[in-house]
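Participant: Shown below is the structure under consideration.
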Ligand code: PCA
């Protein structure tokens, strides 16, 4: 099995991105799966073109993309990506699209096809703070999750999903009250998420209540 694991470079006011640091620390082989790592720029369009090139090259069975969600205290597995770019800050090449459709021929939204509930269940059992998120925002992370799932449909038989990571402790030294999580815990979480995605190959996600009222 081949797994494409992507992580963003730093963006906004941050000098590092936990996503690319976690990516570095994930082993190249997990179980029987080969992990192909790809650092992508926090840039609309370009990030997705690099992912498509890699898909052409390695034909992955699973794509998992990682990004930073500064301020969140949990590892959050995203449920859905929507067909819109609406940026509140510039990307790393100065683009700031407003209300732009990502793919004219795409669905309004795509649900993650990795087993999001089984992953959360596994992380919580391992005492890692984790929950489902029902919005990946409208910036480059939602863009990449949407593109991953659009491309998964185009190339067939690929499961895809997106996991947001909190800030690292070094990123919150000057941000009093801001949540963070250490690198080791985040790496353990992503390894467990990959293992769970492998275990659920060809299986339905588990049915447990992790919904929200708002
Ligand atoms: N987080 C941003 C884009 C890149 C990243 O790591 C986001 O959540 O959209």
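Participant: Identify, by number, the condition in (1) closer than 23 Å to residue 103 by Cα; (2) free of Cβ contacts under 8 Å to residues at least 60 places away in the same chain that residue 29 doesn't meet.
Facilitator: (1)
Participant: Among the residues of segment 60-100, count how many are closer than 28 Å to residue 123 by Cβ and either without any contact (Cβ under 8 Å) to a residue 12 or more places away in the chain or assigned to a loop (DSSP other than H, G, I, E, B) (or both).
Facilitator: Keep residues of segment 60-100 that are closer than 28 Å to residue 123 by Cβ, which gives 60-82.
Narrowing the set further to residues that are either without any contact (Cβ under 8 Å) to a residue 12 or more places away in the chain or assigned to a loop (DSSP other than H, G, I, E, B) (or both) leaves 60-61, 69-74, 79.
Residues flagged as closer than 28 Å to residue 123 by Cβ and either without any contact (Cβ under 8 Å) to a residue 12 or more places away in the chain or assigned to a loop (DSSP other than H, G, I, E, B) (or both) within segment 60-100 amount to 9.
Participant: One residue is enough: does segment 132-155 have a residue meeting the conditions over 30 Å from residue 89 (Cα atoms) and either in contact with a strand residue (DSSP E or B) (Cβ under 7 Å, 6 or more places away or on another chain) or within 16 Å of the ligand (Cβ to nearest atom) (or both)?
Facilitator: No, because not a single residue in segment 132-155 is over 30 Å from residue 89 (Cα atoms) and either in contact with a strand residue (DSSP E or B) (Cβ under 7 Å, 6 or more places away or on another chain) or within 16 Å of the ligand (Cβ to nearest atom) (or both).
Participant: Identify all residues within segment 35-59 that are part of a strand (DSSP E or B), within 16 Å of the ligand (Cβ to nearest atom) and closer than 20 Å to residue 159 by Cβ; write none if there are none.
Facilitator: Step one: filter segment 35-59 for residues part of a strand (DSSP E or B), giving 35-40.
Applying the additional criterion that residues be within 16 Å of the ligand (Cβ to nearest atom) yields 37-40.
Residues satisfying the conditions are 37, 38, 40.
Participant: As an exercise: evaluate residue 208 against (1) in contact (Cβ under 8 Å) with a residue 60 or more places away in the chain; (2) under 13 Å from the mean Cα position of the chain (by Cα) and give the number of the one condition it does not meet.
Facilitator: With (1) in contact (Cβ under 8 Å) with a residue 60 or more places away in the chain; (2) under 13 Å from the mean Cα position of the chain (by Cα) applied to residue 208, the lone miss is (2).
Participant: Can I ask one more? Of the residues 194, 128, 119, 114, only one is part of a loop (DSSP other than H, G, I, E, B), over 14 Å from residue 80 (Cα atoms), in contact with a strand residue (DSSP E or B) (Cβ under 7 Å, 6 or more places away or on another chain) and more than 16 Å from the ligand (Cβ to nearest atom); which?
Facilitator: On the way: 194 fails: part of a loop (DSSP other than H, G, I, E, B); 119 fails: part of a loop (DSSP other than H, G, I, E, B); 114 fails: over 14 Å from residue 80 (Cα atoms).
Going through 194, 128, 119, 114 in turn, just one is part of a loop (DSSP other than H, G, I, E, B), over 14 Å from residue 80 (Cα atoms), in contact with a strand residue (DSSP E or B) (Cβ under 7 Å, 6 or more places away or on another chain) and more than 16 Å from the ligand (Cβ to nearest atom): 128.
Participant: Continuing with the same structure: Filter segment 17-34 down to the residues that are assigned to a strand (DSSP E or B) and surrounded by 11 or more Cβ atoms within 10 Å (Cβ to Cβ) and list them by number. Steps first, please.
Facilitator: Applying the first criterion (assigned to a strand (DSSP E or B)) to segment 17-34 yields 29-30, 33-34.
Listed by number, the residues that qualify are 30, 33, 34.
Participant: Residue by residue through segment 99-129, note down the ones that are farther than 29 Å from residue 89 by Cβ and surrounded by fewer than 12 Cβ atoms within 10 Å (Cβ to Cβ).
Facilitator: Listed by number, the residues that qualify are 125, 127.
Participant: Name the single residue, out of those in segment 71-81 being within 13 Å of the ligand (Cβ to nearest atom) and surrounded by fewer than 21 Cβ atoms within 10 Å (Cβ to Cβ), that is nearest to residue 203 (Cα to Cα). So that I can check it myself, show each step before the final result.
Facilitator: Keep residues of segment 71-81 that are within 13 Å of the ligand (Cβ to nearest atom), which gives 71-72, 76, 78, 81.
Checking which are surrounded by fewer than 21 Cβ atoms within 10 Å (Cβ to Cβ) leaves us with 71-72.
Working: 71: 33, 72: 30 Å.
Ranking the candidates gives 72 first.
Participant: Assuming residue 166 fulfils every condition listed in (1) over 13 Å from residue 68 (Cα atoms); (2) within 16 Å of the ligand (Cβ to nearest atom) apart from one, which condition is it?
Facilitator: Residue 166 satisfies all of (1) over 13 Å from residue 68 (Cα atoms); (2) within 16 Å of the ligand (Cβ to nearest atom) except (1).
Participant: Just to check your reading of the model, which residue among 31, 7, 12 is within 10 Å of the ligand (Cβ to nearest atom) and on the phi > 0 side of the Ramachandran plot?
Facilitator: Details: 31 fails: within 10 Å of the ligand (Cβ to nearest atom); 7 fails: on the phi > 0 side of the Ramachandran plot.
12 is the lone residue from the list that is within 10 Å of the ligand (Cβ to nearest atom) and on the phi > 0 side of the Ramachandran plot.
Participant: Look at residue 97 and say whether it is more than 14 Å from the chain's Cα centre (by Cα) and modelled with pLDDT of 95 or more.
Facilitator: On the way: more than 14 Å from the chain's Cα centre (by Cα): yes; modelled with pLDDT of 95 or more: yes.
Answer is yes for this residue.
The values are calculated or read from the model by the stated rules, or taken from the named source; none is laboratory data. Note that the coordinates shown come from a computational prediction; the quantities given were computed from them, not determined experimentally. Counting neighbours? That spans all protein chains shown, and the Cβs are built from the backbone with ideal geometry, glycine included.
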